[in-house]
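Here the structure is laid out as structure tokens; the discussion comes afterwards.
The values are calculated or read from the model by the stated rules, or taken from the named source; none is laboratory data. Keep in mind that what you see is a predicted model, and the values were worked out from it rather than measured. Note: ideal-geometry Cβ built from the backbone for every residue, glycine included; neighbour counts use all protein chains shown. Please note that ligands, DNA and RNA were not included when accessible areas were found on the heavy atoms of the full protein model with its side chains. Shrake-Rupley method; radii C 1.70, N 1.55, O 1.52, S 1.80 Å.
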Amino acid sequence: MEIAGKPGPLTARAAGLVACRRCGRVHPGGAQICQRCGGPISSREIKSLQRVWAWLFAGMILYIPANIYPMLLTSTLVSKRESTIIGGVIDLAHHGSYGVALIVFVASVMIPIGKFIAISYLALSVQWPIRQHSHLRHRLYEVTDFIGRWSMIDVFVVAILSSLVQLDTVATINPGIAAVSFALSVAFTMLSAQSFDSRTIWDSDRPAE
Amino acid sequence: MNDVTPPEPEIRPARPAFWQRLSVVWLVPVLALAISLGVAWQNYSHRGRLVEISFANATGVVAGSTAIKFRDVTVGTVEKVGFSGDLSRVIITARIDRDVIPFLDEDARFWVVRPQVSVRGISGLDTVLSGVFIEGSWNSQRGTARRSFTGQDEPPLVRPGQPGTQIELHARDGNKLAAGAPILHKGVKVGYIEEPRLSPSGDGVVVQAFIEGPHDRRITSATRFWDTSGFSVSLGTAGVTLNMSSLASLVEGGVSFDTLISGGDPITQGQVFDIYEDEAAARESLFNDATAAPDDLHLSVLFDGSVSGLTPGADVRFRGVRIGEVSDLIAQVEEVDGRRRIRLLVNLTIKPSRLGFGDDLSAEGVMTLLQDYVARGLRARLATSSILTGALIVELVELTEYTPATIDMEAKPYPVLPATEAELSDFDATAEGVFERINALPVEELLSSAISLMDSLERLANDQALQETPRTMNALLDEARALIGSADTQAVPGEVRAAIGDLRKITDELEQARTVAKLNDAIDSAASAAANIDTAAADLPEITEQVKALGDKANSLAVEELVDAATRALASIDALIGTEDARQLPPALTGALNQVRGFLAELREGGAIGNVNSALASAEAAADAVENAAASLPALSERLSRVVAEAEALLGSYGERSRFNAETLATFRDIQSAANAIRTLARTLERDPNSILFGK
């Protein structure tokens, strides 16, 4: 167990320490309960990966109807139309609102899909050690965790529109099935990202004892 | 090898079972998957089925939004608009709700609803805003569902399942008929026609028409249709008739029908009818129509005289209603009493239905009824239908006086109806005859008489005397005015006043009389004076009468006469006042007073006191007489007052405040004051009758 002789940063586990994830207090290894905040302490979250995968699958499953079914049900005096996420983006682009189209596209399509990929990659990299720099993977995790909430933009837009535009026969906007499933999908992927125990990234640098 | 210690077995905690290692969170994706699949299945299973409808064009149809409607309820949406393989038609692919799919069998019709403006109104206005939609129509029977349909360019007139009857109308030409034109019955729209098309033979027009239920029950095989398109003007004996049905039928044409006779058969779907030119032609057709022939009743009539003007086709009328027509005219040679003579046999075709018999009665039954009628005086005779043309008709009349006759049932070819003498004054009442008679009218004499009458009138009007009449009238009026304004007339009230003045003087003297010494013979004179006054008073009602009469005359007569009457009345008053009695009253009183004075003088001279007692007794009696006379004085004054009141009323009705009036009023007021004076005297006498005797 030479510490200095091996490349890579020193981990708490290697130092025989364990930190509380809530309040950050460091305990000697083997401690079960945080002395400061009373929360459970474990050197590695048990079943962390399982939860990650479960939430991730749930999010991915719900992302399918979110794209197939209409997000917005717009009915006006003369017409009635349903628009999906991609359809809305295309419509916006057709009307020349490239900026808005880009924002919606990034928030509703690129970010969720990017998160799926990122989380899958991180989870796989923990299970099957990949020789890649742990710092990069940790940075990837942090970005994923941070950016996930921005996907909710589309849901907020739908929620605001459907509550504001209720002019009976003249114009009405209602949320479709896709709005619910998309919101759930985003929520599940955020839970998935949070379930991921980022400390396991560092374990792959040094095989566990 | 024994010292080799066996390797210590590695004891590891049992690996937890797979399900124990499984996180609860896995339930979430399972649930999500289940829900997603459920939603997907739900959605798929409720998705409608695709059907294809082909149209010649698809104006306004938009994929994804154009709705398919049935009874105005959206049952589907157009999903795709494409073309048939050879680009000849537009294929519209629509997704139709699953629950109506089974009804889409071969009777389903689809058409594009667009806004339409026609004479009958505006339809499809809602599509202006919402865009066109495709309307579907099908009945409520499930059939073998089809997946492809041919759409119609025009909305079908008849919706499947609509109650009613489809009929086929044949017309000579269709230039007055347009699709959708109404079919009217008694002015009410009960159906409509479809687009007229040429009959297969090309010699006419065939129009499909639909009569809505329950009006289709009104149509029987005896129904006739006629064209009411446009308008017609007919000039006839009844004046000018303008026939126009409705604005819609003016523009789009229209067909009317009526069941003119009873006893038709119920119609079937697709029954064929003809459209006649007009209602008259339709009614005529009932008698020309071969189809109605079997019911006809054939009769013959033998006429003795000329039947010039009677032609086949002439009407047979009963009580003015056309019940049949003359079918034939045959000359027949008859042998009567050994002499041969020619009679004319007229064959009649009578429609029993026009007599109201209908189907209920067989031909034999109708004949029996007719026999019964003939027994009660029904006869056939000729009648003129038109003076201008001299055309004749056969009329069935019911005579009140008749010789008994029967229908000769044995005659050939038809039973012979007994005839009677025609009531035609002039069989040759042709137009020529009429004009001849008009020519024969003494028009010229009439005109010359009229002219001479006019001349006489003119002469009369120009006559000098007649023209002077107004002038004479004016002069007359002037004279009348002069009479009223003349000094004589106006002096009348003055004279009356003078007379009243006299009267007043008399009463004054009477009053003075009480200051004088009184004696017996004076009392007698006073009594006689009172009697005179009484007589005068008795005359006053006459004045009243006259004044009243004057008032009546004033009301009814001219001014002139009024003035005359007034003058006469006043003259009467004057005469009354100037009567001998009244005029002699003052001298008599004076004389009486002189005598009293003389008597007193004698008394003074003679000093005959012894006579005083007897004188007092006489005075007593005289006082009684005076009292009696005085009792009549109030009545006199009463009457005078009435006279004045009535005279005032008269003058009030006379109205004008002329001088004459004022003076007359003053006169009567004088009369009134005279009456008052008399009343005062009477009261004085009543109160103290002795004062007249003793001067106190």
Mind listing the long-range amide H neighbours of B:Phe149? Cut-off is under 5 Å, sequence gap 5 or more, other chains count too, H placed in the peptide plane at 1.01 Å from N. B:Glu52, B:Ile53, B:Ser54
Would you kindly find the accessible area of A:Tyr141, with a 1.4 Å probe and non-protein molecules such as ligands, DNA and RNA excluded, rounding to the nearest 10 Å²? 20
Mind checking the per residue accessible area of the stretch B:89-225 for me, 1.4 Å probe, whole number of Å²? 50
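Would you tally the net charge around B:Leu104, using a Cβ to Cβ cut-off of less than 15 Å, leaving B:Leu104 out, and scoring K and R as +1, D and E as -1?
Numbers: positive: B:Arg49, B:Lys69, B:Arg71, B:Arg95, B:Arg98, B:Arg109, B:Arg142, B:Arg146, B:Arg147, B:Arg159; negative: B:Glu52, B:Asp97, B:Asp99, B:Asp105, B:Glu106, B:Asp107, B:Glu135.
Within the 15 Å Cβ shell, the charges total +3.
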Scattering profile of the stretch A:16-97 at q = 0.10, 0.16, 0.19 Å⁻¹ [log10 I(q)/I(0), Debye over alpha-carbon scatterers]: -0.56, -0.74, -0.88
Additional length obtainable on full extension of the chain from B:Glu195 to B:Glu421, 0.36 nm per residue less Cα span: 75.8 nm
How much accessible area does A:His94 have with a 1.4 Å probe, in Å² rounded to the nearest 10? 150
Compute the orientation-averaged projected area for the stretch B:122-161 from the convex hull of its Cα atoms and round it to one decimal in nm². 4.1
Cα extents of the stretch B:49-129 along the three principal axes, largest first, in whole Å? 37, 32, 25
How far apart, in nm, are two points set 7 Å out from the Cα along the Cα-to-Cβ line at B:Asp203 and at B:Met454? 6.4
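222 nm [θ] for chain A, helices only, -39500 (n - 2.57) per DSSP H run of 4+, per residue, to 500? Kindly include the intermediate steps, with their values, before the conclusion.
On the way: 8 runs with 107 residues, N = 209.
My calculation for chain A gives -16500 deg cm²/dmol from helical runs alone.
Calculate, for A:Leu102 and B:Leu22, the FRET efficiency according to 1/(1 + (r/R0)^6) with r their C-beta to C-beta distance and R0 41 Å; round to the nearest 0.05.
0.50
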Separation between the B:Arg319 and B:Asp408 pseudo-spin-labels, each 7 Å from Cα along Cα→Cβ, expressed in nm? 2.9
Taking the stretch A:1-156 as the region of interest, what is the percent of Cα-Cα pairs per 10 angstrom bin, listed from the shortest bin to the one with the maximum distance? 9, 25, 27, 18, 12, 7, 2, 0
Ordering B:Phe83, A:Phe105, A:Phe188 by accessible area with a probe of 1.4 Å, largest first, what comes out? B:Phe83, A:Phe105, A:Phe188
With just the Cα atoms defining each centre, how far is the stretch B:75-153 from the stretch A:124-169? Give it in Å. 47
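When only C-alpha pairs under 8 Å and at least 6 residues apart count, what is the relative contact order of chain A, in percent?
Values: 282 pairs, mean separation 61.2, N = 209.
Answer for chain A is 29 percent.
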Considering the dipole of chain A built from charges on the beta carbon (Lys and Arg +1, Asp and Glu -1) around the Cα centre, which of A:Phe188, A:His138, A:Ile160 is farthest to its positive end? A:His138
Rounded to the nearest 100 Å², what is the sum over both chains of accessible area buried where A meets B, with a probe of 1.4 Å? 1400
Please tell me the relative contact order of the stretch A:67-171 in percent, rounded to the nearest whole number, where contacts are Cα pairs under 8 Å and at least six residues apart. 32
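Over all distinct Cα pairs, what is the inverse of the mean 1/r for the stretch A:124-179, reported as the Kirkwood hydrodynamic radius in Å? Could you put the intermediate results ahead of the total?
Working: mean 1/r = 0.0680 Å⁻¹.
Averaging 1/r across every pair of different Cα atoms and inverting gives 14.7 Å.
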Protein chains only, probe 1.4 Å: how do B:Ile330, A:Ile33 rank by accessible area, largest first? A:Ile33, B:Ile330
Can you give the accessible area of B:Glu646, probe radius 1.4 Å, in Å² rounded to 10? 60
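So which trypsin sites (Lys or Arg not before Pro) in the stretch B:175-209 are both in a DSSP loop and have at most 12 other Cβ atoms within 10 Å of their Cβ? Write out the running numbers ahead of the final one.
Working: sites: B:Lys176, B:Lys186, B:Lys189, B:Arg197; in loops: B:Lys176, B:Lys186.
For trypsin sites (Lys or Arg not before Pro) across the stretch B:175-209 that sit outside H, G, I, E and B with at most 12 neighbouring Cβ atoms in 10 Å, the list reads B:Lys186.
Where does each of A:Leu56, B:Leu355 land when they are ordered by accessible area, with a 1.4 Å probe and the largest first? It would help to have the intermediate numbers written out before the result.
On the way: A:Leu56 0, B:Leu355 50 Å².
I get B:Leu355, A:Leu56, largest accessible area first.
What does the charge add up to near A:Ala179, with Lys and Arg as +1, Asp and Glu as -1, over the other residues with Cβ less than 13 Å from its Cβ? Before the final figure, lay out the partial values.
Working: positive: none; negative: A:Glu82, A:Asp154.
It works out to a net charge of -2.
First measure r as the distance between the Cβ atoms of B:Asn474 and B:Arg568, then evaluate 1/(1 + (r/R0)^6) with R0 = 35 Å and state the FRET efficiency to the nearest 0.05. Before the final figure, lay out the partial values.
Values: r = 26 Å, r/R0 = 0.75.
The pair B:Asn474/B:Arg568 has a calculated efficiency of 0.85.
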1/(1 + (r/R0)^6) with r = Cβ-Cβ of B:Glu545 and B:Leu446, R0 = 41 Å, i.e. FRET efficiency to nearest 0.05, evaluates to 0.10
Residues whose built amide H sits under 5 Å from the amide H of B:Arg317, excluding neighbours closer than 5 in sequence, are B:Ile323, B:Val394, B:Glu395, B:Leu396
Once you have the Cα-Cα distance between B:Asp463 and B:Ala645, take 0.36 nm times their residue separation minus that, and quote the gain in nm to one decimal. 60.4 nm
